[in-house]
1. Short version: ³J(HN,Hα) in whole Hz for each residue of the stretch 56-71, in order, from phi by Karplus 6.51 cos²θ - 1.76 cosθ + 1.60 (θ = phi - 60°), x for Gly and Pro, what are they?
2. Excluding ligands, DNA and RNA, what is the solvent-accessible area per residue of the chain at a probe of 1.4 Å, expressed in Å²?
3. Scaled to the compact-protein estimate 2.2 N^0.38 Å, what is the alpha-carbon radius of gyration of the chain, rounded to two decimal places?
4. Val81's amide H: which non-local residues (gap 5+, or another chain) put their own amide H closer than 5 Å, with H modeled 1.01 Å from N in plane and none for Pro or chain starts?
5. How do the peptides 30-38, 43-51 rank, highest first, by the average count of neighbouring beta carbon atoms within 10 Å per residue?
6. What length, rounded to one decimal in nm, is gained on full extension from Ser47 through to Ser77, with 0.36 nm per residue of separation minus their alpha-carbon distance?
7. Using θ = phi - 60° and the Karplus relation 6.51 cos²θ - 1.76 cosθ + 1.60, list the HN-Hα couplings for the stretch 28-33 in order, rounded to whole Hz, with x at every Gly or Pro.
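The values are calculated or read from the model by the stated rules, or taken from the named source; none is laboratory data. As the structure is a prediction and not an experimental result, all values here were calculated from the model. All Cβ positions, even for glycine, are placed from backbone atoms using ideal geometry, and neighbour counts span all protein chains on display. The area values use the complete protein model at the heavy-atom level, side chains included, leaving out ligands, DNA and RNA. Shrake-Rupley method; radii C 1.70, N 1.55, O 1.52, S 1.80 Å.
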Amino acid sequence: SAQTSASAPSDSSTIVALKILSCILRVHQKLGREKVAKILAGSEESSIQDYRKLSTYGLLSDYSIKSVMGMIDYLISENYVGQEEGFRPSIFVTPKGQAFLKERPEIEIPGVNRPA
């Protein structure tokens, strides 16, 4: 599908994945997927107030929190991101994700380029 509108906020999937992985690292891999999604989506919720000064805050604000969570879930399913066990598990960048940050290969993430 050709991108006709140049004004559409169409980061490539690769850029989106880099933003998500960077955010996970910025929070020292201590937060769960929902919190990370809220930070990236630029949520105004008080629960993430302390994270508003992060460079990764609001980087994916063109997308809903639900969309960003879907992207994180995709990265988990593809093993770029790992998830701890237990209640409210935190997520972390896997060795595959670390390699991705260095090499930045082209990938496709479902839901990217179609902001909901």
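1. Ordered by residue, 3J(HN,Hα) equals 8, 5, x, 5, 10, 6, 6, 10, 6, 4, 4, 4, 5, 4, x, 5 Hz.
2. On the way: 6700 Å² over 116 residues.
That works out to 58 Å² per residue.
3. Numbers: Rg = 13.6 Å, N = 116, 2.2 N^0.38 = 13.4 Å.
Working it through for the chain, the quotient is 1.02.
4. Ile76, Thr94
5. Working: 30-38: 20.2, 43-51: 12.9.
Final packing ranking: 30-38, 43-51.
6. Working: separation 30, 0.36 × 30 = 10.80 nm, distance 2.65 nm.
Between Ser47 and Ser77, full extension yields an extra 8.2 nm.
7. Each residue of the stretch 28-33 in turn: 6, 6, 10, 10, x, 5 Hz.
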